[in-house]
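Q: There's a structure below that I have some questions on.
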Amino acid sequence: MTTGLDLARDESVERFRDWLKARQFPATPQRMAIAAVVLGAERPLSAEDVVDRLCKKSPAPGTATVYRTIDSLIACGLVTELEDRREGFRRFQPMRDDVSSSELLCTACGGVARVPDDVVGPRAGALAHANDFVPVRHRLVVYGMCAACRAEKDGRAHDLTGEAR
């Protein structure tokens, strides 16, 4: 059975193929396989994640090939690179017209808490409509420090002052 995610991926892969053709870049099987994995991802992926998924189907391309293809996907507007989450590697996610996201990002540990769309979505829609704007999707990232990192920081602060915890 074909899902909405499958349809979105297939449409995006065709848009990428057209973008390559318009620039006279070859739509190689490796490049298109990488595109299909990244554009069909249900969560953000690293280049290594892409290689791992491709290894399950056939010999996978090298990481450099994956990065070059992802850079092309970014250039054509189908993929975005996520903010640095202090993980030591880059993560990428497809840009779909039907995907909105809201998250809380800890700047200390890189942890992410997803906010249910029923919390932010209606407010984002109302804000858009109030400004005579037709919303397609939204992305909200709130930067801060999670409870665990705050507790760890507060513990260290007490240790430095010599006070009991």
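Q: So ARG23 clears everything in (1) surrounded by fewer than 17 Cβ atoms within 10 Å (Cβ to Cβ); (2) outside the structural domain of ALA148 (by TED's automatic domain parsing); (3) touching a strand residue (DSSP E or B) at 6+ places or on another chain (Cβ under 9 Å) except one condition, right? Which one?
A: If we test ARG23 against (1) surrounded by fewer than 17 Cβ atoms within 10 Å (Cβ to Cβ); (2) outside the structural domain of ALA148 (by TED's automatic domain parsing); (3) touching a strand residue (DSSP E or B) at 6+ places or on another chain (Cβ under 9 Å), just (3) comes out false.
Q: Name the strands (runs of 3 or more DSSP E) wholly within the range 29-142 that hold at least 1 residues that are surrounded by 18 or more Cβ atoms within 10 Å (Cβ to Cβ) and of a type in the set (S, T, N, Q)?
A: Numbers: elements: 79-81, 92-94, 101-106, 112-114.
Correct list: 92-94, 101-106.
Q: Does ALA130 satisfy the criteria of being within 30 Å of GLN24 (Cα to Cα), modelled with pLDDT of 90 or more, of a type outside the set (Val, Ile, Thr) and over 13 Å from the mean Cα position of the chain (by Cα)? Reasoning before the result, please.
A: Numbers: within 30 Å of GLN24 (Cα to Cα): no; modelled with pLDDT of 90 or more: yes; of a type outside the set (Val, Ile, Thr): yes; over 13 Å from the mean Cα position of the chain (by Cα): yes.
No.
The values are calculated or read from the model by the stated rules, or taken from the named source; none is laboratory data. Note that the structure is predicted; figures quoted are calculated from it, not measured. Neighbour counts are summed over all protein chains in view; Cβ atoms, including those assigned to glycine, are modelled from backbone coordinates with ideal geometry.
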